[in-house]
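The structure's right below; bear with me while I get my questions together.
Every number in this text was worked out from the coordinates using simple rules, so none of it is lab data. Quick caveat, the model's predicted, so the values are computed rather than measured. Virtual Cβ from ideal backbone geometry, glycine too; neighbours counted across all protein chains shown.
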Amino acid sequence: MRYDLAVIGAGPGGYVAAIRAAQLGMKVAVIESREAGGTCLNRGCIPTKTLLHSAEAFDRMRHCEALGLSVSGCGYDMEKMHARKNEIVGQLRSGIEQLFRANKIDLYRGTGIILSAGAVAVKGEGSEETVEAGKILIATGSKPAVPPVPGLDLPGVLTSDGLLAGPADPKRLLIIGGGVIGVEFASLYQRLGCEVTIVEALDRLLPNMDREISQNLSMIFKKRGVSVHTSARVEEIVQEGEALVCRFTEKGKPGEAAAERILLAIGRRAATEGLFAEGVSVETERGAVKVNERFETSLPGVYAIGDVIFGGVQLAHAASAEGIAAVEGMAGEAPSVNLSVVPSCIYTEPEIASAGITADEAKQRGAAVKTGKFIMTANGKTLIEGADRSFVKLVFSAEDDRLLGAQLMCPRATDLISELAAAIANGLTGRQLASVIRPHPTFCEAVTEAVEAASGKAIHAAPPRR
Ligand code: NAD
């Protein structure tokens, strides 16, 4: 069968691209070696957030006296938590497969190997067939990176894939890497009463985020008993009896911590292994596929999107947007998505979200900015929910008042960020943002306050000192 487009990988990049391509009239094949939905659905976003939801509910039950409630016999069952997670994943996965059928997209199960710009071999268990297509889209995603540290092959040292696969319920967990995966898993296990230690190579947690977010998160973690080691280089992991001991150098001094399980969360690398037949290749950098502004690789007719590309943002929604832009470009249409603003969300408690640039980044670029910050101790909804220290920070151009960036650490930050991403993408000004009536009582009132704080006019904050 000959197709207009063969998509390799059915994650949030590949499956979304395939559906949009079908909507645009293309005959599409999708090749997937594992489950539809990719890392995000099967081993990433959805499983983690499902387990986090249970852990947070458990923690709220344990600490409900503050709300005037009491519970007895409060506990959790890790196997049941995983069963619920598997059910949700299964339901969403079958939804994707149904959408494929509804859009007349053929799903090939097997490993895709690019034979040429117009052909992909699909290698299944004991079978092999060739899919011919006018264009090929690589959407193979990424895999956890594993550094050459002695002891990482010990049983009990896992990546997020391993920890999400089974009902592991360690009482002591050590996490290598204080990035997005590291802090989300720290939140999850700490909420369940597990003793958590984080070992991060750089000088703060979430080094790619606004500095104040990192500091606030560290403070909250410390208050909850999470042990955080920064500027710490892992030297080795050894088995000592039942325990795994991680030895590291922290700010030049030796340190160590023991745990039942170790989670390795130091980033992800492009998944290109075995993707090309002998004699076929595309240009890569540090193992990731290089693409031009239309997402075309150095091999004409072969495109790539998502985590597998060099220099991209490794987020599910970025992959989906790139997939849409790539196939719209193939169909000769202008992209319907604005790829310049990619919101980033972290599901700790309180949640963290950011879009656009921080004040520090603006300074580095030499851009004159004004910032507005609102600390949410005067936000009614924040007090009602008893949230930890929360804030909304906005960065505006000092020249024309346009919103350039937003950094949020507050309940529902991952939903609130959409309004701000839309404002940045559409060049809205502080004046325009302040003109909107936001409902009361809500967390989003903090947006109005932060906008007005940029001109010293926040209602629920003391006037700035003159
Ligand atoms: P990351 O890049 O966010 O963080 C990795 C961290 O590990 C960094 O802080 C880095 O300094 C540290 N590190 C690197 N080598 C180290 C070492 N040898 N010892 C100690 N620390 C070391 O990567 P991640 O947390 O593994 O996540 C992978 C990708 O998945 C990211 O791109 C992330 O955005 C994405 N992801 C997103 C979400 C979300 O959107 N909520 C959730 C999970 C993962």
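Report, in listed order, any pair from Lys222/Lys393; Lys27/Lys290; Lys27/Lys49; Lys143/Lys373; Lys49/Lys381 with a Cα-Cα distance greater than 31 Å.
Lys27/Lys49; Lys143/Lys373
When the Cα centres of the range 185-228 and the range 239-310 are compared, how far apart do they sit, in Å?
The range 185-228 and the range 239-310 have Cα centres separated by 23 Å.
Just to confirm the filter: which trypsin sites (Lys or Arg not before Pro) across the range 201-282 are DSSP coil and have at most 12 other Cβ within 10 angstrom of their Cβ?
Lys251
Local charge sum around Arg247 (other residues, Cβ-Cβ under 11 Å, Lys/Arg +1, Asp/Glu -1)?
-4
Now for a separate question. Between Arg62 and Phe310, what length in nm is gained on full extension when 0.36 nm per residue of separation is reduced by their alpha carbon distance?
Stretched out fully, the Arg62 to Phe310 stretch lengthens by 84.8 nm.
I've got another one for you. Apply the a/c threshold of 1.5 to the C-alpha gyration tensor of the range 1-83 and tell me whether it is rounded, prolate or oblate.
Judged from the Cα gyration tensor, the range 1-83 comes out prolate (a/c at least 1.5, a/b above b/c).
With an 8 Å cut-off on Cα pairs and a minimum separation of 6 or more residues, tell me the relative contact order of the range 188-260 in percent.
26
Here's another thing I want to ask about it. Can you tell me how much longer the chain between Asp161 and Arg466 gets when fully stretched, taken as 0.36 nm per residue apart minus their C-alpha distance, in nm with one decimal?
Working: separation 305, 0.36 × 305 = 109.80 nm, distance 5.35 nm.
Additional length available on full extension: 104.5 nm.
A further question on this structure: Amide H to amide H, which residues 5 or more places from Gly178 or on other chains are under 5 Å from it, using H placed in the peptide plane?
Ala201
Taking Cα pairs under 8 Å and at least six residues apart, what relative contact order does the range 305-423 come out at, in percent?
Dividing the mean separation by the residue count of the range 305-423 yields 24 percent.
Which of rounded, prolate or oblate describes the range 306-361 when judged by the alpha-carbon gyration tensor and an a/c cut-off of 1.5?
Prolate.
Stretch Ala243-Ser418 to full length: gain in nm at 0.36 nm per residue minus the Cα-Cα span?
58.6 nm
Still on this structure: If r is the Cβ-Cβ distance from Gln215 to Asp77 and R0 is 41 Å, what FRET efficiency results, to the nearest 0.05?
About 0.70, to the nearest 0.05.
What would the Debye formula give as log10 I(q)/I(0) at q = 0.11 Å⁻¹ for the alpha-carbon point model of the chain, no solvent?
Here the Debye-derived log intensity ratios amount to -1.01.
While we're here: What trypsin sites (Lys or Arg not before Pro) in the range 9-101 are in a loop by DSSP, with at most 15 other Cβ atoms within 10 Å of the Cβ? Let's see the in-between values first.
Details: sites: Arg20, Lys27, Arg34, Arg43, Lys49, Arg60, Arg62, Lys80, Arg84, Lys85, Arg93, Arg101; in loops: Lys27, Arg34.
In loop regions of the range 9-101 (DSSP not H, G, I, E or B), the sparsely surrounded trypsin sites (Lys or Arg not before Pro) are Arg34.
Go through the range 172-185 residue by residue and turn each phi into a ³J(HN,Hα) via Karplus (6.51, -1.76, 1.60, θ = phi - 60°); whole Hz please, and just put x for glycine and proline.
Taking θ as phi minus 60°, the curve returns 9, 10, 10, 10, 8, x, x, x, 4, 4, x, 6, 5, 5 Hz for the range 172-185.
Return a whole-number percent for the relative contact order of the chain, with Cα pairs under 8 Å and 6 or more residues apart as the contact set.
After rounding, I find 13 percent.
Right, something else. For Arg269, what residues show an amide H to amide H distance below 5 Å, using hydrogens built from the backbone and excluding near sequence neighbours?
Under 5 Å from the amide H of Arg269: Lys143, Ala145.
While we're looking at this one, here's another question. Among residues other than Phe185 whose Cβ falls under 11 Å from its Cβ, what is the net charge (Lys/Arg +1, Asp/Glu -1)?
With Lys, Arg at +1 and Asp, Glu at -1, the net is +1.
For the range 142-154, in order, what is each residue's ³J(HN,Hα) by Karplus, 6.51 cos²θ - 1.76 cosθ + 1.60 with θ = phi - 60°, in whole Hz (x at glycine and Pro)?
9, 10, x, 7, 10, x, x, 9, x, x, 5, 8, 5
Give me the distance in nm between label points sitting 7 Å out from Cα along the Cα-to-Cβ direction at Lys222 and Ile437, one decimal.
Between Lys222 and Ile437, the label points sit 4.4 nm apart.
Another question about this same structure. Which trypsin sites (Lys or Arg not before Pro) does the range 111-188 hold that lie in a coil by DSSP with at most 15 other beta carbons within 10 Å? Numbers along the way, then the final one.
Details: sites: Lys123, Lys135, Lys171, Arg172; in loops: Lys171.
Hits after loop and neighbour filter: Lys171.
Lys and Arg at +1, Asp and Glu at -1: add these up for the other residues within a Cβ distance under 11 Å of Glu79 and post the number. Display every interim value, and only then the final one.
Details: positive: Lys80, Arg84, Lys85; negative: Asp77, Asp169.
The answer is +1.
Just the Cα atoms of the range 257-370, one point each, no solvent: what log10 I(q)/I(0) does Debye give at q = 0.10, 0.22 Å⁻¹?
Calculated log10 I(q)/I(0) at the listed q: -0.45, -1.24.
Extending each Cα 7 Å along its Cβ direction at Asn208 and Lys253, get the distance between those two points in nm, one decimal.
Calculated label separation equals 3.2 nm.
Between Ala102 and Lys123, what is the FRET efficiency for a Förster distance of 22 Å, r being their Cβ-Cβ separation, to the nearest 0.05?
Result of the calculation: an efficiency of 0.20.
Kirkwood-based Rg over Rh for the range 210-311 (C-alpha set), two decimals?
Taking Rg over the Kirkwood Rh, I get 1.16.
Can you run phi through the Karplus equation (6.51, -1.76, 1.60; θ = phi - 60°) for the range 22-37 and list ³J(HN,Hα) in whole Hz, with x for Gly and Pro?
With coefficients 6.51, -1.76 and 1.60, one gets 5, 4, 8, x, 8, 8, 10, 10, 10, 10, 9, 8, 10, 8, 4, x Hz.
Based only on the alpha carbon positions, what is the Kirkwood hydrodynamic radius of the range 16-63, in angstrom? Write out the running numbers ahead of the final one.
Details: mean 1/r = 0.0743 Å⁻¹.
Computed over the range 16-63, the radius equals 13.5 Å.
Give the cross-link partners of Lys370 among the aspartates and glutamates, using a straight C-alpha distance below 14 Å as the criterion and excluding same-chain residues fewer than 8 apart.
Asp360, Glu361, Glu399, Asp400, Asp401, Glu452
If you don't mind, another one. For the pair Ile88 and Ala378, what calculated FRET efficiency results from E = 1/(1 + (r/R0)^6), where r is the Cβ-Cβ distance and R0 = 51 Å, to the nearest 0.05?
Taking R0 as 51 Å, the efficiency between Ala378 and Ile88 is 0.90.
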